[in-house]
């Protein structure tokens, strides 16, 4: 392989590595709409669950951590059916929502 081809390949792989996590699951399928999703994670007594990790898997893949008041935001989420795992400390709970609006709150059992 020539030096020029090697450098071009190396540059291409570096760009792919840098953009990969941002690009995977972000492009909408034809006809799907995107929403800027906001919500809050609360416990069964209404207490906010700060710094909870939310993992969305479905029409796209997204991971976000809630703020100290349990609020979270995810930009440009593809609408559709998802599996959402909410984790905090040693606790976790799985939800299966359909995302078709810009608001989605979660109430966990701890």
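Could you grab me the full set of residues in the stretch 69-79 that are more than 23 Å from residue 47 (Cα to Cα) and surrounded by 16 or more Cβ atoms within 10 Å (Cβ to Cβ)?
77, 78, 79
Can you report the number of residues in the stretch 58-68 which are crowded, with 20+ Cβ neighbours inside 10 Å and either under 18 Å from residue 107 (Cβ atoms) or without any contact (Cβ under 8 Å) to a residue 12 or more places away in the chain (or both)?
Counting residues in the stretch 58-68 that are crowded, with 20+ Cβ neighbours inside 10 Å and either under 18 Å from residue 107 (Cβ atoms) or without any contact (Cβ under 8 Å) to a residue 12 or more places away in the chain (or both) gives 1.
Give the residues of the stretch 89-109 that are exposed (fewer than 13 other Cβ atoms within 10 Å of the Cβ) and either within 11 Å of the chain's Cα centre (by Cα) or under 10 Å from residue 52 (Cβ atoms) (or both), sorted by residue number.
Listed by number, the list holds a single entry, 89.
Which of the following residues is within 15 Å of residue 104 (Cβ to Cβ), within 13 Å of the chain's Cα centre (by Cα) and modelled with pLDDT of 95 or more: 41, 86? Before you say what the answer is, go through the steps one by one.
Numbers: 41 fails: within 13 Å of the chain's Cα centre (by Cα).
Just a single option satisfies the conditions, and that option is 86.
If the Cβ limit is 6 Å and pairs must be 6+ apart or interchain, which residue in the stretch 70-83 that is at negative phi and part of a strand (DSSP E or B) pairs with which residue that is crowded, with 22+ Cβ neighbours inside 10 Å and at pLDDT below 95?
What qualifies is 78/60.
Quickly run through the stretch 84-110 and pick out the residues that are part of a strand (DSSP E or B), in contact (Cβ under 8 Å) with a residue 24 or more places away in the chain and over 24 Å from residue 34 (Cβ atoms).
87, 88, 107, 108
Could you tell me whether the stretch 46-57 includes any residue that is more than 10 Å from the chain's Cα centre (by Cα), surrounded by 11 or more Cβ atoms within 10 Å (Cβ to Cβ) and modelled with pLDDT under 95?
no
The values are calculated or read from the model by the stated rules, or taken from the named source; none is laboratory data. Remember, predicted model here, so these are calculated numbers, not experimental data. Neighbour counts are summed over all protein chains in view; Cβ atoms, including those assigned to glycine, are modelled from backbone coordinates with ideal geometry.
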